[in-house]
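Single-structure report; data block below.
The values are calculated or read from the model by the stated rules, or taken from the named source; none is laboratory data. Just so we're clear, the structure is a prediction, and the values are computed from it rather than from any experiment. Every residue, glycine as well, gets a Cβ built from its backbone with ideal geometry; the counts of neighbours run over all protein chains shown.
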Amino acid sequence: MGIVTIGVSIAVPEPHGSLLQQRRAGFGDPAALSIPTHITLLPPTEVEEADLAAIDAHLAEVATAGRPFPMRLSGTGTFRPLSPVVYVRIEQGAEECTELQQRVRDASGPVPRELAFPYHPHVTVAHGIEEAAMDRAFEELAGFEAAWPCAGFALYEQGGDGVWRKLRDYPFGANVVPSQSGPAERDPIASR
């Protein structure tokens with residue numbers, strides 16, 4: 001047993017996830033193909049491998065208490081000059097992501113984690129690349145739109161090759177997702 005690097009995130013579903021990953025690679029981000037397109041709930045965190053069972057139980061508890069919510073991405077933003085990141089904005093679902101990441105990082109849980117910057121849910125599309133490519137990402141994805149019912153999150157581990165691989169999905173306990181604009185609808189994914 002040793003140290004492993006984990007992360008917890010909400011996957012951006014297909015076809016949007018692959019599209020944004022390919023665009024990120026096209027902007028010249030060398031890490032693009034190693035990182036599934038996602039919204040971070042717990043950033044890369046080193047933990048003892050022996051603690052994974054307790055972390056799994058904690059995440060299952062967080063998911064069981066959660067309920068699906070509508071997620072909508074729209075347009076771009078940037079953390080520059082503070083951090084060299086261009087991202088797709090979360091138009092709907094940001095409050096739920098913020099609450100979820102607080103529960104994942106709960107100080108009384110197995111992965112208490114202080115953040116270097118205040119939490120701001122987003123989907124990274126360029127990170128640490130030349131300024132002209134960052135500008136291109138910001139401009140070319142400004143019209144990007146995607147929406148889906150967010151029905152859970154997942155635990156990932158970064159391999160020695162730098163690639164992030166999913167260890168487990170954590171579906172939310174409730175099975176009803178409010179629609180993007182109307183009354184609640186039954187979500188076939190979450191009700192399985």
*Would you check if there is a residue in the range 5-18 being modelled with pLDDT under 95, assigned to a loop (DSSP other than H, G, I, E, B) and surrounded by 15 or more Cβ atoms within 10 Å (Cβ to Cβ)?*
no
*asked:* Condition (residue is part of a strand (DSSP E or B), at pLDDT 95 or above and not β-branched (Val, Ile, Thr)) applied to the range 61-70: is it met by at least one residue?
replied: yes
*Evaluate the following for residue 149: is it in contact with an Asp or Glu (Cβ under 6 Å, 6 or more places away or on another chain), touching a residue at least 24 places away in the same chain (Cβ under 8 Å) and within 26 Å of residue 100 (Cβ to Cβ)?*
yes
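Would it be correct to say that residue 111 is within 26 Å of residue 62 (Cα to Cα), of a type in the set (Val, Ile, Thr) and in a loop (DSSP other than H, G, I, E, B)?
So residue 111 fits the description; yes.
Suppose we keep only residues that are farther than 26 Å from residue 142 by Cβ and under 16 Å from the mean Cα position of the chain (by Cα) within the range 34-80. Which one would you say is surrounded by the fewest Cβ atoms within 10 Å (Cβ to Cβ)?
Initially, the range 34-80 is screened for residues farther than 26 Å from residue 142 by Cβ, giving 42, 44-68.
If we keep only those that are under 16 Å from the mean Cα position of the chain (by Cα) as well, we get 42, 44-45, 59, 62-63, 66, 68.
On the way: 42: 21, 44: 12, 45: 16, 59: 25, 62: 23, 63: 21, 66: 21, 68: 23.
The qualifying residue surrounded by the fewest Cβ atoms within 10 Å (Cβ to Cβ) is 44.
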_Between a residue in the range 104-131 that is closer than 16 Å to residue 46 by Cα and any residue that is in a helix (DSSP H, G or I) and hydrophobic (A, V, I, L, M, F, W, C), which pairs come within a Cβ distance under 6 Å, given they are 6 or more apart or on different chains?_
104/62; 110/54; 110/55; 111/55
_Can you say whether residue 181 is at pLDDT below 95, exposed (fewer than 12 other Cβ atoms within 10 Å of the Cβ) and hydroxyl-bearing (Ser, Thr, Tyr), as far as the supplied structure shows?_
yes
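Let's see how each residue does on (1) among the acidic types (Asp, Glu); (2) farther than 20 Å from residue 168 by Cβ; (3) free of Cβ contacts under 8 Å to residues at least 24 places away in the same chain; (4) touching a Leu at 6+ places or on another chain (Cβ under 9 Å):
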position	(1), (2), (3), (4)
5	no, no, no, no
14	yes, no, yes, no
17	no, no, yes, no
37	no, no, no, yes
44	no, no, no, no
49	yes, no, no, no
67	no, no, no, no
